[in-house]
Protein chains: 4
Amino acid sequence: MDRLTSLPHAYKLARRDARPEGTIVRLPGGAGFGGEEIAVCAGPCSVESREQLNATAAAVASRGANVLRGGAFKPRTSPYSFQGLGAEALKMLREAADAHGMSVVTEVLDPRDVALVAGHADMLQIGARNMQNFSLLREAGESGKPVLLKRGMSATVDEWLMAAEYLLVAGNPNIVLCERGVRSFDKATRNLLDIAAVPLLHSLTHLPVIVDPSHGTGVAKLVSPMALAALAAGADGLLIEVHPHPPSAASDGQQSLTFEQFEALMSRADVIARAVGRRVPAASLAT
Amino acid sequence: MDRLTSLPHAYKLARRDARPEGTIVRLPGGAGFGGEEIAVCAGPCSVESREQLNATAAAVASRGANVLRGGAFKPRTSPYSFQGLGAEALKMLREAADAHGMSVVTEVLDPRDVALVAGHADMLQIGARNMQNFSLLREAGESGKPVLLKRGMSATVDEWLMAAEYLLVAGNPNIVLCERGVRSFDKATRNLLDIAAVPLLHSLTHLPVIVDPSHGTGVAKLVSPMALAALAAGADGLLIEVHPHPPSAASDGQQSLTFEQFEALMSRADVIARAVGRRVPAASLAT
Amino acid sequence: MDRLTSLPHAYKLARRDARPEGTIVRLPGGAGFGGEEIAVCAGPCSVESREQLNATAAAVASRGANVLRGGAFKPRTSPYSFQGLGAEALKMLREAADAHGMSVVTEVLDPRDVALVAGHADMLQIGARNMQNFSLLREAGESGKPVLLKRGMSATVDEWLMAAEYLLVAGNPNIVLCERGVRSFDKATRNLLDIAAVPLLHSLTHLPVIVDPSHGTGVAKLVSPMALAALAAGADGLLIEVHPHPPSAASDGQQSLTFEQFEALMSRADVIARAVGRRVPAASLAT
Amino acid sequence: MDRLTSLPHAYKLARRDARPEGTIVRLPGGAGFGGEEIAVCAGPCSVESREQLNATAAAVASRGANVLRGGAFKPRTSPYSFQGLGAEALKMLREAADAHGMSVVTEVLDPRDVALVAGHADMLQIGARNMQNFSLLREAGESGKPVLLKRGMSATVDEWLMAAEYLLVAGNPNIVLCERGVRSFDKATRNLLDIAAVPLLHSLTHLPVIVDPSHGTGVAKLVSPMALAALAAGADGLLIEVHPHPPSAASDGQQSLTFEQFEALMSRADVIARAVGRRVPAASLAT
């Protein structure tokens, strides 16, 4: 294994001056990462049922979310926990997103599933546990689909950019980085959300950077203030867990927002976004 | 030594429901922590000379800072580093603050110096290295002066609140907490600034919370975006290092803002503050 | 994603009382993990050539190593670093091990390569970056081969045991855990080797536990004292990087022992092992 | 505040080549740190009563401990926890140590108490929370008494050596470093005991290094294996918490050994010490 030493020169394709004007990643449905309008990805942690997903998609789309998130294949610490609905969930995501004018981002865990997931989703998510799953990075890089690359549990910014480099060198220019908190000694929050990574990355790379305050804090009441903090620091988008009834969620209920909480967040988010020269997407469909 | 177990009940005086309406800490010069107007503490890392300090005070006061910061007694990792100008610096701080309508906050390192520092300053700072210096906490608690309590290098939020409890139980109600980043594995920044501590503390305690993005990042270009993030997350104030010429600073030049950078920050800070229902102090004196 | 809560009950198959007498994992060549005789796994970080590998195997076997380690597929932070010789290296490992009476352990990175690697190796290694690569765990669990499961970069002991549970629930009882250091704030060593994990795991699980002081410190001169510390704490084996000429190694030269250093370590290791009622394997072949 | 940059040259007095033969610190009663015979410091976390202390001193002295430890002034996270018996406990420590042929080490928390503590103890302990309490370091450095300097909660080895430099530059050559674990993300143990710091420090400095596995793990059953590991790695001594009846201890009962456990440890410790060319002190007094 190796240690990075001369890093400013190590990520040849990801580094800022390889594309000084910055990269804008666009999804087919119109969502953009890196432009004036931020991207708002929202939805449940896990896809649990068609009803749950459609209700959530309707609610978040009507408040400005333009990308539907939801787990079909779930990485679970325990083999005895709910592992996701798999391929069936991919179809539900596609249907719910199409019905509400949204794009789909969902996680892929296995290099053998890349083609399957890419057949339904508009954007592939590489999760924190797989940031250095190099086989998966290579397959995702060759898939032709935009990739959302989450930061590893205790990845340095340098290691994260080198993981992005694996995707870029495979010929895929459409990479978005997602800060989701790192391991820390204080268990008051699930992770320690490193908001400073946003402006730091903007100085080091041309790739867009979004923030996931749901995993970044693990506590629903902290999600909105941290989403606003992320936007104030220049984030190019948000990834938010929303559930019709968080206490009964199959996973991550503690950090999921209700529809009402999400609505309140979106109106405050637009004010902050405009204060830094950005804006939240207009609600896609009245419902 | 002990381990905290049932913490919600452990900090009897600091806990939120001991004063649900929240504490507002006011300094003689008018600065307030915890009200609609945020507090802006700014100045050099170390007091180096009367000229350096006056120039900085004039510059930051004219842009809205209402508390002058500056180190007289410096905690230095090496015994061979500059240790501060001591008592002489305390007088300079008082003069410069009075000349520009500001209050003074400065660090006290030794319980035997509390009376000396309290004789010149409006607010005593307890630094990160001394968050659990219980002798110092007791003396500062009994001094009658407001105290700015910085978070320890790797202190949990619970330990930090218990340190505040030492101050409160000594009879001092005027305590302000200052998040300044914690130790992490990634050396791309000096510390990892834990912005989520702001809303978390607001739910746990009635004490005001400010943020120090200078030590929290250690990188000048990250200071402004992180100051804005802190305000968006609800911070009650900022602590910012400003120097007339950062490259020649006796300490912390890498993280100090120039006068121009500070001015640019203040105008952006006011926009963000207003977006969350707060405001930055009006410039105290035209210069 | 999920948070572990009631962990003593969460790892049903890995927990100590599921097999109070402890598990002994035996490889075809005779090496055992968990018995009175410890296992000594040694060899280069990367397989670089037939000559390098044979010379190393001869040297380490003659000093008591009974398992040959060597990377065929290398997980590298940078896509531009040497990625290993792949399938060709697997053959070399098999030949060199057979020639010197050793078993083979080597890392598998991709679930699609499990059958290939299992066709040549006696034991599959799951590396730190893949501890929560659940697809890979499932394939390795079903391979029928013993598995060496390294601790993740910042994995808690609970998460590590849950990863082992994925292997066990797939029907594979022959799992060995390998402590290799965790991320820390001090960059004086590459990782922080958590020797206390050895006795802690011995109380929580029936699975054998070995220690990798090479990755655990990243500094050659610390490898031997930490190997001895691991044995004193009850480790069931060691994993040591050895190279004919460390300064010219394709990877990890800084932490590799020379043949002479390995020989010196083995004689000291036997003394410590006997002091705690264990022993180092006898040298397999006189050379 | 400052960042260390050119560290190998920063600790002029502590660095290895300032005294290549190594420092041996001797206490009046004969205990030595850094020689062939290791130092064994043992006793209760807190001095609770004359009976408790005498019984413990008798027990540990009869098994080879030559330094009595016990807290008179206790640093407690909560102001509502037991704070120690203070000056009264200092007298008890002196009496109990004299009665059993031991030396005394005890913690000093306040620079104003240095003379008082030095009047009773043979060695001053600077605790983890005070490693960078520079006022206290200066007073302790000038006291003429040997100092046991514990590593800070999240101190790098460099910062620790710079704290030792404060003691050395004050004219005190008799400094012993004590590794006691650092903060980590895994709460299965109280701290993460960094055994690799022992050989690392031996290469960087001429000062002796001992290990405290009681605070280093916080779990009684892990104390003995980690004490053995420390000796195997070359530690110059041990600091162990022992209590007549751990469940009723005023502090730290979870990590205290019983007399029987301490006796078992000492006989195993002597075997490991001899395996690395050292030895445990002979029992001072038959009882």
B:GLY253 is checked against (1) surrounded by fewer than 24 Cβ atoms within 10 Å (Cβ to Cβ); (2) within 14 Å of chain A (Cβ to nearest Cβ) and fails just one. What number does that condition carry?
(2)
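Counting only residues that are of a type in the set (Val, Ile, Thr) and closer than 28 Å to A:GLU21 by Cβ, which one in the range A:184-243 is nearest to the other protein chains (Cβ to nearest Cβ)?
Narrowing the range A:184-243 to residues of a type in the set (Val, Ile, Thr): A:189, A:195, A:198, A:205, A:209-211, A:217, A:219, A:223, A:240, A:242.
Narrowing the set further to residues that are closer than 28 Å to A:GLU21 by Cβ leaves A:195, A:198, A:205, A:209-211.
Details: A:ILE195: 5, A:VAL198: 7, A:THR205: 12, A:VAL209: 12, A:ILE210: 15, A:VAL211: 10 Å.
Restricting to residues being of a type in the set (Val, Ile, Thr) and closer than 28 Å to A:GLU21 by Cβ, the top hit is A:ILE195.
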Within the range C:105-121, is there a residue that is within 20 Å of C:ASN66 (Cβ to Cβ) and in contact with a Cys (Cβ under 8 Å, 6 or more places away or on another chain)?
yes
Among the residues of the range A:235-287, count how many are part of a helix (DSSP H, G or I), closer than 13 Å to A:ALA57 by Cα and either of a type in the set (Lys, Arg) or touching a His at 6+ places or on another chain (Cβ under 8 Å) (or both).
0
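Every residue in the range D:184-206 that is acidic (Asp, Glu) and under 29 Å from D:GLY35 (Cβ atoms), please.
Quick first cut of the range D:184-206, residues acidic (Asp, Glu) only: D:186, D:194.
Listed by number, the list holds a single entry, D:ASP194.
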Can you confirm whether the range D:211-228 contains a residue that is open to solvent by less than 20 Å² (accessible area, probe 1.4 Å), of a type in the set (Asp, Glu) and closer than 22 Å to C:LEU222 by Cα?
yes
Could you pull out the residue among D:ARG138, D:ARG151, D:ARG112 that is within 14 Å of another protein chain (Cβ to nearest Cβ), in contact with a Leu (Cβ under 9 Å, 6 or more places away or on another chain), among the basic types (Lys, Arg) and open to solvent by 10 Å² or more (accessible area, probe 1.4 Å)?
D:ARG138
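Residues in the range D:45-93 that are of a type in the set (Val, Ile, Thr) and more than 16 Å from the chain's Cα centre (by Cα): how many? Break it down stepwise before answering.
Step one: list which residues in the range D:45-93 are of a type in the set (Val, Ile, Thr), which gives D:47, D:56, D:60, D:67, D:77.
Okay, now just the ones that are also more than 16 Å from the chain's Cα centre (by Cα), so D:56, D:77.
The total comes to 2.
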Total residues in the range A:26-56, condition at negative phi and in contact with an Asp or Glu (Cβ under 9 Å, 6 or more places away or on another chain)
18
Can you pull out the residues in the range C:229-250 that are farther than 21 Å from C:PRO75 by Cβ and surrounded by fewer than 24 Cβ atoms within 10 Å (Cβ to Cβ)?
C:GLY234, C:PRO244, C:HIS245, C:PRO247, C:SER248
With the condition kept exactly as written, say whether any residue in the range B:62-79 is farther than 21 Å from B:GLU260 by Cβ, part of a helix (DSSP H, G or I) and of a type outside the set (A, V, I, L, M, F, W, C).
no
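Hey, can you tell me all the residues within the range B:66-91 that are of a type in the set (A, V, I, L, M, F, W, C) and in contact with a Cys (Cβ under 7 Å, 6 or more places away or on another chain)? Outline the logic, then answer.
Step one: of the range B:66-91, the residues of a type in the set (A, V, I, L, M, F, W, C) are B:67-68, B:72-73, B:82, B:85, B:87, B:89-90.
The one that is of a type in the set (A, V, I, L, M, F, W, C) and in contact with a Cys (Cβ under 7 Å, 6 or more places away or on another chain): B:VAL67.
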For the range A:256-284, which positions are of a type outside the set (Phe, Trp, Tyr), away from chain B (no Cβ under 14 Å), open to solvent by 20 Å² or more (accessible area, probe 1.4 Å) and touching a residue at least 60 places away in the same chain (Cβ under 8 Å)?
A:GLU263, A:ALA282, A:ALA283, A:SER284
Conditions (1) hydroxyl-bearing (Ser, Thr, Tyr); (2) modelled with pLDDT under 95; (3) within 16 Å of the chain's Cα centre (by Cα) -> D:SER251 fails only (3)
Every residue in the range D:115-127 that is touching a residue at least 60 places away in the same chain (Cβ under 8 Å) and surrounded by fewer than 23 Cβ atoms within 10 Å (Cβ to Cβ), please.
D:ASP122
So which residues in the range B:31-41 are touching a residue at least 40 places away in the same chain (Cβ under 8 Å), closer than 17 Å to B:VAL147 by Cβ and either of a type in the set (S, T, N, Q) or not in a loop (DSSP other than H, G, I, E, B) (or both)?
B:PHE33, B:ALA39, B:CYS41
Among all residue pairs at least 6 apart or on different chains, which show Cβ distances below 6 Å where the first residue, located in the range C:159-171, is more than 16 Å from C:THR23 (Cβ to Cβ) and the second is open to solvent by 20 Å² or more (accessible area, probe 1.4 Å) and modelled with pLDDT under 95?
C:TYR166/A:PRO79
Any residue at all in the range C:51-58 that's under 26 Å from C:ALA164 (Cα atoms) and not in a loop (DSSP other than H, G, I, E, B)?
no
Looking at (1) in contact with a Pro (Cβ under 9 Å, 6 or more places away or on another chain); (2) surrounded by fewer than 24 Cβ atoms within 10 Å (Cβ to Cβ), which one does B:ALA65 not meet, given that it meets all the others?
(2)
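Quick check on this structure: which one of B:GLY84, B:GLY71 is under 25 Å from B:ARG26 (Cα atoms), out of contact with any His (no Cβ under 8 Å at 6 or more places or on another chain) and within 12 Å of another protein chain (Cβ to nearest Cβ)? Reasoning before the result, please.
Values: B:GLY84 fails: under 25 Å from B:ARG26 (Cα atoms).
Result: B:GLY71 is the single residue among B:GLY84, B:GLY71 that is under 25 Å from B:ARG26 (Cα atoms), out of contact with any His (no Cβ under 8 Å at 6 or more places or on another chain) and within 12 Å of another protein chain (Cβ to nearest Cβ).
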Right, A:ALA55: surrounded by fewer than 22 Cβ atoms within 10 Å (Cβ to Cβ) and of a type in the set (A, V, I, L, M) or not?
yes
Of the residues that sit in the range C:154-175 and are among the small types (Gly, Ala, Ser) and surrounded by 24 or more Cβ atoms within 10 Å (Cβ to Cβ), which one is nearest to C:ALA14 (Cα to Cα)?
C:ALA164
Exactly one of C:PRO28, C:PRO20, C:PRO44 is within 16 Å of C:VAL105 (Cβ to Cβ), touching a residue at least 12 places away in the same chain (Cβ under 8 Å) and open to solvent by 10 Å² or more (accessible area, probe 1.4 Å), and that one is C:PRO28
Might you let me know whether the range D:69-82 holds any residue that is of a type in the set (Ser, Thr, Tyr) and open to solvent by less than 20 Å² (accessible area, probe 1.4 Å)?
yes
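The values are calculated or read from the model by the stated rules, or taken from the named source; none is laboratory data. Values in this document were obtained by computation on a predicted structure and should not be read as measured data. Because the Cβ atoms are built from the backbone with ideal geometry, glycine has one as well, and the counts that use them run over all protein chains shown. Ligands, DNA and RNA are stripped out before the accessible areas are found, and what is left, the full protein with its side chains, is counted by its heavy atoms. Shrake-Rupley method; radii C 1.70, N 1.55, O 1.52, S 1.80 Å.
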